[in-house]
Amino acid sequence: MVNTHDNTDLLAMYEEMLRIRTFELTCLSLRKVDKIAGSIHLCVGQESVPVGALRALGSADPVIATYRGHGWAIACGVPMETLFAEIMGRQTGSNAGRGGSAYLSDPGGRFIGENSIVAAGTPIAAGLALAAKVRHQEHVSVVSFGDGATNQGSLHEALVLAIAEDLPVIFICENNYWSEMTPITHMVPVKLSDRAGGYGLMTRQLSGTDPTAVRQAVEEARAHALAGGGPSFLEFDVPRMMGHYNADIEHYRSDSDKATAQDRDPLALCRVRLATAGYSEDKITGCETRVVAEVEEAKLRALAAPIAKWGVDPWAQTGPTSYPKLGPLPTEGKTVAFGLAINEALRDAMTRDPNVVVLGEDVAIPGGVFGVTRNLLKEFGSDRVLDTPISESAILGAALGASIGGLRPVAEIMWADFLLVALDQLVNQAANVRFLGLDKVSAPMVVRTQQGATPGSCAQHSQSLEALLAHIPGLKVGLPSSVQDAYDMTLAALNDPDPVVLIESRAMYLMKEPLDTSSSPQSVGGGRLRRQGSGGVLISWGRMVHECVTAAEALSKDGYDFAVLDLRWLSPLDRNLINDTVQLANGNVIVVHEANRTGGFGAEIAAHVSEACWGTLAGPVRRIATPDSRIPAAPSLQNSLIPNAQRIQQEILKVIRSR
């Protein structure tokens, strides 16, 4: 007689755990014969955690795992054949070979994916929970990670944000007591759940070898979250039965520690429990035989699949090659400050689309340190305008998760310099979403920041970082130089399906110009010819456009006629407009930017012009930029470094006199 009092669904859970174990050991055998390239990180010994957890979750609750996440993918229902194919680099893989073993996902499904950056998935999970909260969905998000991740700042930032906003997210720590090759006890003298509990969230520590106990703990955490109780931190103790990765010989680990782990094998413990509960040996053996056959069949089908290949030529230029021609800026109508034009764009977008939310430090009650988001809280409420902790990784990661979860977040990073403490969430996370998701998933998020030197700004509040960001495939980068563009480009960014970084200039926030809010909506991309001229062209973006226009106007009085091209967007770059302008400007080209010269985006423009317009150039492309120096705070020192109209005029005269 089968005792089902505490063993409901136990055989099915054992079968799922065995499926994961067999899958992982099959991956190991495939790696040994080089059917899999690179390292694989197996979850052997941890199978009961994803199996128990998924039994407790809703069918639409999103899940994020670490690079040791094959078991979570299987528990989420991703077919084994698809996973095998991905890990073996086959075209039929879940990500067509783009993710591999450590970064696979289920595009369009609930398994948001693995993350091979330690703890990086935690802010994203907070963002998914934020989306569920704002959209009034009965969902919780779940993110799993290892004990080593608890020493990562991004996890702590995610915890702080989740608590501050009472987000329905469950943080699951699978503690095998080894942070790669170092015992976690050498780093942390207290229980990990106790340390997390210090933040004020619900925590539990229990064995992760019992799937029933795992299921019960996750059920309680989910109910707690959906009742408005906020996040939970569940620490499951699990055995590490294999090395950190497939080639780890574990020379640093004692035999007794390995033996203790083997004694805690969750599959062996569950098998004993099944027998004790009255399940016959034939029943258990039949289950095991069936699973082995399933895994073998999935492996063989994946092996028969074609090797991954590009669907399009990766060397071919992607995206639009030309953009609609933009007319001149308005010269009449209502006059608005640059910062308020952005505010008006945000208000218009939030009025039209309830999925647009604004988050960042001091953006709600204070209205932003520069006043750009002022009064949005009054109009749209605290669900859509959020003051966050001072936690840039959490801000960007939450924006990313929220965008995947159906929102269109606008994340403000107060200074561009502060992006540097959180670049992982842009470069390693947001920029990869469409690529990894095979165009089935996108991240329609906007990051607003400001940069450049102003009197008194020190070297940590004055850097111009557009070249760094424009270098990253998957990110779109724009720098508005006018009030009209501040409005139009903000709306264009909010209508785009991919991550967009808008870099504003705080030196221009109070600059007033006419604004036409009835203009047709624009898409991301495209420059504007700010001044006609046939004697040469000044190419610039952002704040320096004004210096270029001033210089060109001054020299025109002496008969020197230079055009001014405002690129507006550096990624995507309007290369055709550059080519056309250079050809009409007598081949004299000067690129101007505030960023320091070496590695600045001006070098990219110069390289493009030299390649595409060589036959029309009158001489080498010149660059005017800040010298390779850190930026001082004293205005007198700044003025000797930052390009201005006078310096641009001098350089134009040098070009003319040398040709």
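Ranked from largest to smallest solvent-accessible area, with a 1.4 Å probe on the protein heavy atoms, Ser105, Ser59 come out as Ser59, Ser105. Two decimals is fine: what's Rg over Rh for the stretch 548-625, C-alpha atoms, Kirkwood radius as Rh? Here Rg/Rh amounts to 0.95. Decide, for the stretch 167-245, between rounded, prolate and oblate: order the square roots of the alpha carbon gyration tensor eigenvalues as a ≥ b ≥ c, take rounded if a/c falls under 1.5, and otherwise choose prolate if a/b is larger than b/c, else oblate. Note, shape of the stretch 167-245 comes out oblate.
Taking a ≥ b ≥ c as the square roots of the eigenvalues of the Cα gyration tensor, an a/c ratio of 1.5 or more together with a/b larger than b/c marks the chain as prolate.
Qualifying chymotrypsin sites (Phe, Trp or Tyr not before Pro) in the stretch 404-483, where qualification requires a DSSP coil assignment and no more than 15 other C-beta atoms within 10 Å, are lacking entirely.
The antiparallel fraction among DSSP beta bridges confined to the chain stands at about 15%.
For a straight C-alpha distance cut-off of 19 angstrom, the aspartates and glutamates reachable from Lys258 (same-chain residues fewer than eight places away being disregarded) are Glu24, Glu47, Asp147, Glu174, Glu180, Asp237, Asp248, Glu250. Protein-only accessible surface at a 1.4 angstrom probe places the residues His251, His461 in the order His251, His461, largest first. Taken over the stretch 75-233, the alpha-carbon convex hull comes to 120 cubic angstrom per residue. Take the alpha carbon gyration tensor of the stretch 338-416, find the square roots of its eigenvalues, order them as a ≥ b ≥ c, and report rounded if a/c is under 1.5; if not, report prolate when a/b exceeds b/c, else oblate. Since a/c reaches 1.5 but b/c is at least a/b, the shape of the stretch 338-416 is classed as oblate.
Lysines near Lys654 by alpha-carbon distance under 20 Å, same-chain residues fewer than 8 away left out - which ones? Qualifying lysines at Cα under 20 Å: Lys557. With Cα atoms defining each centre, the stretch 208-285 and the stretch 470-516 are spaced 50 Å apart in the structure. The 3J(HN,Hα) values that the Karplus relation (6.51, -1.76, 1.60; θ = phi - 60°) gives for the stretch 251-258 are, in residue order, 5, 8, 10, 6, 5, 5, 5, 5 Hz. Gly and Pro appear as x. The residues of the chain expose on average 39 square angstrom of accessible surface per residue, using a 1.4 Å probe on protein heavy atoms. Assuming R0 = 60 Å, can you tell me the calculated FRET efficiency for the pair Ser640 and Ala247, based on Cβ-Cβ distance, to the nearest 0.05? With R0 = 60 Å, the Cβ-Cβ based efficiency is 0.60. Using the alpha-carbon atoms, what tilt in degrees (0 to 90, nearest 10) does helix 211-224 show relative to the longest principal axis of the chain? Helix 211-224 and the main axis of the chain meet at about 50 degrees.
Solvent-accessible area assigned to carbon and sulfur over the chain amounts to 52 percent, based on a 1.4 Å probe.
The figure for Arg448 is an accessible area of roughly 10 square angstrom, using a 1.4 Å probe on the protein chains alone. Note on the stretch 25-79: Cα-only Rg and Dmax are 12.8, 39 Å. Based on the Stokes-Einstein relation at 10 °C and a viscosity of 1.306 mPa s, and on the Kirkwood radius from alpha carbon pairs, the stretch 217-310 is assigned a translational diffusion coefficient of 88 µm²/s. The reciprocal of the average 1/r between distinct C-alpha atoms defines the Kirkwood hydrodynamic radius, which for the stretch 267-338 equals 20.0 Å. Compared with the dominant principal axis of the Cα atoms in the chain, helix 392-404 is inclined by about 80°.
Sketch the reach of a paramagnetic label on Ser39 as a point 7 Å from Cα along Cα-to-Cβ, and name the residues of the stretch 138-158 whose backbone nitrogen lies under 18 Å away. Within reach of a label on Ser39: 145-152. Once each part is reduced to its C-alpha centroid, what is the distance from the stretch 84-114 to the stretch 545-599 in angstrom? Using only Cα atoms to place each centre, the spacing works out to 44 Å.
Using every pair of distinct Cα positions in the stretch 492-589, the Kirkwood expression returns a hydrodynamic radius of 14.8 angstrom. Each residue of the stretch 360-365 was assigned a 3J(HN,Hα) from its phi angle through the Karplus curve 6.51 cos²θ - 1.76 cosθ + 1.60 (θ = phi - 60°); the sequence is x, 6, 6, 7, 8, 4 Hz, with glycine and proline shown as x. Taking only alpha carbon atoms, the stretch 374-463 gives an Rg to Rh ratio of 1.02, where Rh is the Kirkwood radius. Packing here is the average count of other Cβ atoms within 10 Å per residue, and on that basis the peptides 637-649, 92-104, highest first, run 92-104, 637-649. Amide H contacts for Ile624 (H built 1.01 Å from N in the peptide plane; partners 5 or more residues away or on another chain; cut-off under 5 Å): Val591, Val592, His593. Rounded to the nearest whole Hz, the Karplus-based 3J(HN,Hα) values (6.51 cos²θ - 1.76 cosθ + 1.60, θ = phi - 60°) of the stretch 52-66 follow the sequence x, 5, 5, 5, 9, 8, x, 5, 10, 5, x, 10, 10, 10, 8, with x at glycine and proline. Averaging 1/r over each pair of different alpha-carbon atoms in the stretch 294-374 and inverting the result gives 18.8 Å, the Kirkwood hydrodynamic radius. For Gly536, nonlocal amide neighbours, meaning residues 5 or more places apart or on other chains whose placed amide H falls under 5 Å from its own, are Ala563. Taking each of Lys325/Lys512; Lys299/Lys476; Lys378/Lys512 in turn, the alpha-carbon distance tops 31 angstrom for Lys299/Lys476. Sparsely packed loop sites in the stretch 283-379 (the chymotrypsin sites (Phe, Trp or Tyr not before Pro) outside DSSP H, G, I, E and B with at most 15 other Cβ atoms within 10 Å) comprise Trp310, Trp315.
Relative to the globular-protein estimate of 2.2 N^0.38 Å, the Cα radius of gyration of the stretch 53-144 stands at 1.06. Exposure check, 1.4 Å probe, all protein chains in place: Ile390 carries approximately 140 Å² of accessible surface. Of the listed residues Lys283, Lys378, the order by accessible area with a 1.4 Å probe, largest first, is Lys378, Lys283.
For the chain, leaving out every one of the GluC sites (Glu not before Pro) that falls in a DSSP loop and has at most 16 other Cβ atoms within 10 Å, the longest unbroken run is 333-659. A 1.4 Å probe, protein heavy atoms only, puts the accessible area of Asp255 near 120 Å². A simple count of charges around Val363, restricted to other residues whose Cβ falls under 9 Å of its Cβ and scoring Lys, Arg +1 and Asp, Glu -1, yields -4.
The values are calculated or read from the model by the stated rules, or taken from the named source; none is laboratory data. All values reported here derive from a predicted model rather than from experimental measurement. Note that we place each Cβ from the backbone using ideal geometry, even for glycine, and neighbour counts take in every protein chain shown. What goes into the accessible areas is simple: the full protein's heavy atoms, side chains included, and nothing from ligands, DNA or RNA. Shrake-Rupley method; radii C 1.70, N 1.55, O 1.52, S 1.80 Å.
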